[in-house]
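To start, the structure under review is shown below, and the notes come after it.
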Amino acid sequence: MASGGANVTGTRSTRSLAHRFSLCRRRAPTFPAKKKKSMFTTRGDLRASAQEGDKVSRSIQTRLVHMTDKLDDPFDSVAPPIYQTATFNQPGATDFGPYDYSRSGNPTRTLLENQMADIENADGAFAFASGMAAIATVMRLVKPGESVLAGNDIYGGTQRFLGKIAPNKQGLHVRHVDMTKVDEVRAALEEGAAEGNAPVKLVLIESPTNPRLEVCDIAAISAVAKEHGAVVCVDNSIMAPIFQRPIDLGADISMTSATKFIAGHSDVTGGILSVVGKDLCDEIYFHQNAEGNMMSPFECWLALRGLKTMALRMEKQAENAARIAAFLEAHPMVKRVNYAGLASHPNSALHASQASSGGSIISFETGSVEASRRIVEDTKLFKITVSFGSVTSLISMPCYMSHASVPAEIRRERGLVDDLVRISAGIESIEDLIGDLEQAFAGAEKAVAAGAQ
């Protein structure tokens with residue numbers, strides 16, 4: 001009896017992982033004989049029943065609306081049902097169906113993860129409770145005593161993790177370099193490879209960066225990192241897979257904050273890791289399951305709904321952003337505009353070679369904290385908030401909001417000035433948005449002039 005019990009436990013402990021990857025892209029199902037039939041048409045089945053040429057020729061806009069995976073739904077609902085459940089009934093005490101507990105897997109989450117894997121050209125994708133939960137899971141790939149290499153213009157939450165948790169709680173070495181300079185990345189990797197030094201096992205890239213919109217050469221950095229055996233993870237939240245696909249450029253992991261453009265309506269928090277390679281997928285899933293930081297079924301369902309309109313939203317947002325950037329560049333109060341779609345951006349050609357749009361995030365400097373504050377506060381249509389990617393236009397001063405956790409001395413060292421303003425363009429009428437900015441600038445100009453008297 002004891003021996004039999006041990007065998008059952010062993011089967012159950014590996015069951016969820018085996019099933020999880022039967023649903024991953026480029027994999028066919030390998031369920032035990034007594035398992036219930038999966039509710040999904042797997043990618044292997046789809047390849048066998050569809051013409052590969054037709055699938056490849058479909059645009060990303062079409063693939064967002066028509067999911068690769070389908071539920072075995074007797075009612076054939078147009079919108080996928082939500083499986084808002086914690087547990088699933090099993091066929092027997094020692095026989096298990098494809099799902100047992102929503103921490104380990106849930107049909108709604110699988111739909112989202114498989115669709116993200118499809119549009120990112122990944123082998124698997126994993127949905128987490130937030131973008132930082134996804135980043136924290138990537139950090140689990142690095143062992144104590146090893147190093148992480150990151151840029152010096154990154155999201156404030158990532159900086160907080162790298163500055164306080166990674167070295168103090170996980171025993172990791174963290175080094176920051178100017179990621180816009182591939183030679184600095186190569187030098188740091190070579191230094192880590194030297195005898196007695198902590199080897200770099202993970203390279204974290206943002207491009208464009210948040211909030212200064214610097215552009216890094218994803219393909220070149222990925223190639224150099226792989227020469228030194230490091231995993232490359234790109235935070236692609238600003239571009240999302242509509243405008244940029246890091247895996248196609250050589251990255252191992254593409255991280256996208258579902259809070260931003262995927263859901264798109266400021267009503268979801270989530271993060272998604274799209275991953276290449278079975279071993280890496282296995283390790284990411286192990287931590288997702290073991291640590292329970294997955295996205296809930298309801299938020300997965302909202303994200304699935306958001307994906308259907310993501311291309312439409314992002315194209316309109318980028319169109320508005322380009323107009324706003326041109327307005328800002330011509331305004332006498334603005335000292336500097338950061339927008340990857342402007343010809344004046346120092347790496348505009350590089351960005352155009354790896355992305356299809358300038359995106360919808362802009363930042364600018366006025367040279368005066370007071371002027372910037374008045375501009376932000378005097379707008380009527382722009383919500384003053386952290387985050388970006390909503391259908392609503394958003395505005396903020398990063399040093400006081402999203403990047404406030406970055407110590408002031410580090411911000412100064414990296415050129416992150418206090419008067420910096422960040423705009424996330426929404427889908428409103430561009431005439432209304434520019435008109436709102438014009439009146440806000442006019443009010444700020446008067447206020448600053450009055451204060452100087």
Checklist entry - Residues of segment 290-315 being out of contact with any helix residue (DSSP H, G or I) (no Cβ under 9 Å at 6 or more places or on another chain), touching a residue at least 60 places away in the same chain (Cβ under 8 Å) and either of a type in the set (D, E, K, R) or part of a helix (DSSP H, G or I) (or both), which ones? => result R305
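This table checks each residue for (1) open to solvent by 40 Å² or more (accessible area, probe 1.4 Å); (2) among the hydroxyl-bearing types (S, T, Y); (3) touching a Lys or Arg at 6+ places or on another chain (Cβ under 9 Å).
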| residue | (1), (2), (3) |
| --- | --- |
| S356 | yes, yes, no |
| R373 | yes, no, no |
| E377 | yes, no, no |
| P398 | no, no, yes |
| D419 | no, no, yes |
Checklist entry - When residues of segment 319-354 are filtered for being open to solvent by 10 Å² or more (accessible area, probe 1.4 Å), in a helix (DSSP H, G or I) and of a type in the set (G, A, S), how many remain? => result 7
Checklist entry - What do you reckon, is L328 under 30 Å from A450 (Cα atoms) and either of a type in the set (S, T, Y) or modelled with pLDDT under 95 (or both)? => result no
Item to check | When residues of segment 421-452 are limited to those that are charged (D, E, K, R) and surrounded by fewer than 20 Cβ atoms within 10 Å (Cβ to Cβ), the one farthest from K335 (Cα to Cα) | outcome: E428
Checklist outcome for this item: Note: among R422, R373, just one is in a strand (DSSP E or B) and either farther than 26 Å from S266 by Cα or not polar (S, T, N, Q) (or both), namely R422
Item to check | The listed residue being surrounded by fewer than 21 Cβ atoms within 10 Å (Cβ to Cβ), in a loop (DSSP other than H, G, I, E, B) and in contact (Cβ under 8 Å) with a residue 12 or more places away in the chain, out of A198, A251 | outcome: A198
Checklist outcome for this item: For segment 86-140, the count of residues that are open to solvent by 30 Å² or more (accessible area, probe 1.4 Å) and in a loop (DSSP other than H, G, I, E, B) equals 13
Checklist entry - Which of (1) open to solvent by 50 Å² or more (accessible area, probe 1.4 Å); (2) touching a residue at least 24 places away in the same chain (Cβ under 8 Å); (3) in a loop (DSSP other than H, G, I, E, B) does F75 not meet, given it meets every other one? => result (2)
Checklist entry - Can we say T68 is open to solvent by 40 Å² or more (accessible area, probe 1.4 Å) and under 23 Å from V268 (Cβ atoms)? => result no
Checklist outcome for this item: Within segment 201-241, residues free of Cβ contacts under 8 Å to residues at least 60 places away in the same chain, part of a loop (DSSP other than H, G, I, E, B) and open to solvent by 10 Å² or more (accessible area, probe 1.4 Å) come out as H228, G229
Checklist entry - For segment 272-315, which residues satisfy the criterion of being of a type in the set (F, W, Y) and under 16 Å from N114 (Cβ atoms)? => result Y285, W301
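The values are calculated or read from the model by the stated rules, or taken from the named source; none is laboratory data. Just so we're clear, the structure is a prediction, and the values are computed from it rather than from any experiment. Every residue, glycine among them, receives a Cβ derived from its backbone with ideal geometry; neighbour counts consider all protein chains shown. The area values use the complete protein model at the heavy-atom level, side chains included, leaving out ligands, DNA and RNA. Shrake-Rupley method; radii C 1.70, N 1.55, O 1.52, S 1.80 Å.
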